[in-house]
Amino acid sequence: MTFILQAHSASSKSQTADLHVRHQEKLKELKETLANSGEDQLQQLVVVDAMQRLGVAYYFQEEIDAILEKQYTRSSAYNDNDDGNHQLLEVSLRFRLLRQQGFPVTPDAEACNKIKNNEKLKSGLIAGDEDIKGLVELCEASHLGFHGEETLDEAGKLSRQLLTAWVPNNLKDHRAALVSHTLEHPYHKSLTRFMAKNFLNNFQGQEKWVCSLRELANLEFNMVESIIRNEILQVSRWWKELGLTKELKFVRDQPIKWYTWPMASLVDPRLSDERFELTKAISLVYIIDDIFDVHGTLDELTHFTAAVARWDTDTNDELPNYMKTCFKALNEITNDISESVYEKHGWNPIETLRESWARLCKAFLVEAEWFRRGQLPNSEDYLKNGIISSGVPAVLTHAFFILGQDMTKETIDLFNNINLPSIVSSTATILRLWDDFGSAMDEEQNGYDGSYMQCYMEEHPGSLVEEAQAYVIRKISDEWKYLNQECFSCNPFSESFTQLALNVSRMVPMMYDYNAHRRLPSLEENMKSLLLDSFFSKASLMAS
């Protein structure tokens with residue numbers, strides 16, 4: 001994929017200053033509106049949900065914390081004479097917001113049972129707004145499930161079945177598009193950065209807080225677009241100056257695609273430096289992957305892995321020139337990131353970062369030996385190694401230090417341990433299984449590679465591709481439950497790092513959704529939604 005940057009005029013200083021002034025005024029206005037809002041429990045939940053979906057929640061974290069703390073301590077009284085629909089909306093939304101904020105809540109069995117025992121809904125008689133909203137919110141809540149929460153699983157499955165059956169018979173209903181979007185893109189497994197504008201287009205209401213929030217969101221979109229434009233230009237300049245593709249002509253030349261990972265995963269506009277630094281690490285994962293999959297001989301790869309393991313830049317004469325060039329860039333970038341972390345946060349992560357690259361290269365080498373020698377491993381061994389070769393542990397290790405939050409000897413030791421923290425291993429498993437799902441074919445990737453699907457089908461002679469795909473989908477769903485439990489229970493990591501891991505997992509399906517032309521149409525359309533089309537050449541956006 002190559003992005004062709006078109007000439008564009010940056011906003012003048014006066015325009016930028018005016019945008020920030022209006023943004024601050026609207027932010028102050030909305031905070032005052034919230035401070036004077038009433039005690040309507042459902043409306044408070046709706047406000048928090050809207051802020052999160054529009055990507056402006058970090059401005060209101062104190063207010064949100066106060067609202068959710070009250071919601072958590074509030075006792076839920078049920079009216080046995082109520083049909084449960086309004087209650088279903090409120091209970092499901094409260095559960096989802098509290099769980100994703102880390103409150104120790106469990107699914108409300110009574111609320112879940114009300115839908116299971118509601119004969120009107122079970123027979124498909126979905127009519128009013130409360131029916132639709134309650135089912136939609138229960139469907140959304142079910143995606144935050146942990147292992148062992150069968151009642152929530154069952155209620156979520158039933159809500160999806162009812163909504164799926166309702167849509168084809170109500171295509172003219174204005175709510176049909178919203179329901180379809182929810183079924184295809186549940187909030188918990190979608191990226192706020194890409195979904196916010198769609199939510200804004202459907203976000204209606206005459207209340208003062210709605211109007212203020214809509215105006216703030218529009219200003220936020222303009223500010224974020226400007227930041228992303230500048231970061232894309234910064235990444236492009238850096239990549240051109242690095243010059244790796246001049247000698248390594250066989251590797252992918254996709255710096256802006258690599259930038260989309262941190263762009264969509266670290267959404268706080270203030271983390272511009274962190275996004276840039278993380279893009280450097282991600283680019284090297286892709287470059288080294290191409291060396292192992294596409295170009296290097298087994299002998300060369302063995303020497304390269306040994307060189308990275310000992311990290312000795314002076315005794316690499318056995319390496320071919322292209323590998324020396326790659327190792328030189330790896331060494332310089334790792335040193336630069338380590339120095340930056342030390343200056344900002346007082347801890348030098350050089351040894352941990354070097355070890356993360358050594359582990360990655362060892363995992364790449366294991367795969368190269370398997371597939372070039374025709375020795376297909378069993379699926380368990382493949383996945384165990386594939387968690388490392390996904391590149392996720394190396395990238396999240398870098399991200400942890402780049403963010404510089406909650407760095408203690410205990411948390412740092414977790415990244416040095418051979419057994420990775422589950423927040424890392426679950427994210428890596430989701431990526432590896434999606435990558436190997438069977439339909440993804442990356443640009444310019446025609447080298448030696450295998451897949452979990454292939455290993456599974458070898459272990460189960462006579463199994464159909466559809467059966468293997470269904471099995472992989474179940475494994476991905478299971479891994480999401482492990483990730484939910486790790487992220488929404490007590491863990492030793494910062495909120496920023498936890499959200500990063502979740503967002504990486506959310507990004508995965510979009511990054512492996514290749515079409516017949518080896519393009520990423522979903523990612524392409526979402527990027528266009530963030531930036532004016534004139535910023536990029538339409539013909540080359542996301543193309544190989």
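The values are calculated or read from the model by the stated rules, or taken from the named source; none is laboratory data. Computed from a predicted structure; not experimentally measured. Heads up, the Cβs are rebuilt from the backbone with ideal geometry, glycines too, and the neighbour counts pull from every protein chain shown. Quick note on the areas: whole protein, heavy atoms, side chains included, nothing else; ligands and nucleic acids left out. Shrake-Rupley method; radii C 1.70, N 1.55, O 1.52, S 1.80 Å.
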- Give me the pairs, please: first residue somewhere in the range 292-308 and farther than 14 Å from residue 372 by Cβ, second residue anywhere and open to solvent by less than 40 Å² (accessible area, probe 1.4 Å) and polar (S, T, N, Q), beta-carbon distance under 7 Å, and either six or more positions apart or on two chains. 307/316
- Which residues, taken from the range 164-203, are more than 27 Å from residue 228 (Cβ to Cβ) and not in a helix (DSSP H, G or I)? 171, 172, 173, 174, 175
- Has the range 176-186 got any residue that is touching a residue at least 60 places away in the same chain (Cβ under 8 Å) and out of contact with any Gly (no Cβ under 9 Å at 6 or more places or on another chain)? no
- When residues of the range 315-331 are filtered for being assigned to a loop (DSSP other than H, G, I, E, B) and not charged (D, E, K, R), how many remain? 4
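Listed here are the residues, each with its yes/no results for (1) β-branched (Val, Ile, Thr); (2) on the phi < 0 side of the Ramachandran plot; (3) open to solvent by less than 30 Å² (accessible area, probe 1.4 Å).
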site	(1), (2), (3)
275	no, yes, yes
288	yes, yes, yes
293	no, yes, yes
298	no, yes, no
301	no, yes, yes
306	no, yes, no
310	no, yes, no
316	no, yes, yes
- Note on the structure: Given (1) open to solvent by less than 30 Å² (accessible area, probe 1.4 Å); (2) touching a residue at least 24 places away in the same chain (Cβ under 8 Å); (3) over 18 Å from the mean Cα position of the chain (by Cα), residue 243 misses just (2)
- Message: Return the residues of the range 232-242 that are out of contact with any helix residue (DSSP H, G or I) (no Cβ under 9 Å at 6 or more places or on another chain) and more than 16 Å from residue 275 (Cα to Cα); say none if nothing qualifies.
- Response: 241
- Condition broken by residue 268, with the remaining ones in (1) in a loop (DSSP other than H, G, I, E, B); (2) out of contact with any Phe, Trp or Tyr (no Cβ under 9 Å at 6 or more places or on another chain) satisfied: (2)
- Query: Among (1) open to solvent by less than 40 Å² (accessible area, probe 1.4 Å); (2) of a type outside the set (Ser, Thr, Tyr); (3) at pLDDT 95 or above; (4) in contact with a helix residue (DSSP H, G or I) (Cβ under 7 Å, 6 or more places away or on another chain), where does residue 354 come up short?
  - Reply: (1)
- residue 37 is checked against (1) crowded, with 19+ Cβ neighbours inside 10 Å; (2) touching a residue at least 60 places away in the same chain (Cβ under 8 Å); (3) under 26 Å from residue 92 (Cα atoms) and fails just one. What number does that condition carry? (1)
- Message: Take the residues in the range 1-38 that are out of contact with any helix residue (DSSP H, G or I) (no Cβ under 9 Å at 6 or more places or on another chain) and not in a helix (DSSP H, G or I); name whichever of them is modelled with the highest pLDDT.
- Response: 36
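Residues are listed down the side, and each one gets a yes or a no for (1) touching a residue at least 40 places away in the same chain (Cβ under 8 Å); (2) open to solvent by less than 40 Å² (accessible area, probe 1.4 Å):
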position	(1), (2)
416	yes, no
452	yes, yes
460	no, no
466	no, no
475	yes, no
480	yes, yes
484	yes, yes
494	yes, yes
- Note on the structure: Exactly one of 425, 390 is free of Cβ contacts under 8 Å to residues at least 40 places away in the same chain, among the polar types (S, T, N, Q) and in contact with a helix residue (DSSP H, G or I) (Cβ under 7 Å, 6 or more places away or on another chain), and that residue is 425
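If you take the residues of the range 374-386 that are part of a loop (DSSP other than H, G, I, E, B) and without any contact (Cβ under 8 Å) to a residue 24 or more places away in the chain, which of them is least open to solvent (accessible area, probe 1.4 Å)? Before you say what the answer is, go through the steps one by one.
So the first thing to find is which residues in the range 374-386 are part of a loop (DSSP other than H, G, I, E, B), and the list is 374-378.
Right, trim to without any contact (Cβ under 8 Å) to a residue 24 or more places away in the chain and you get 374-375.
Details: 374: 67, 375: 102 Å².
Per the criteria, the residue is 374.
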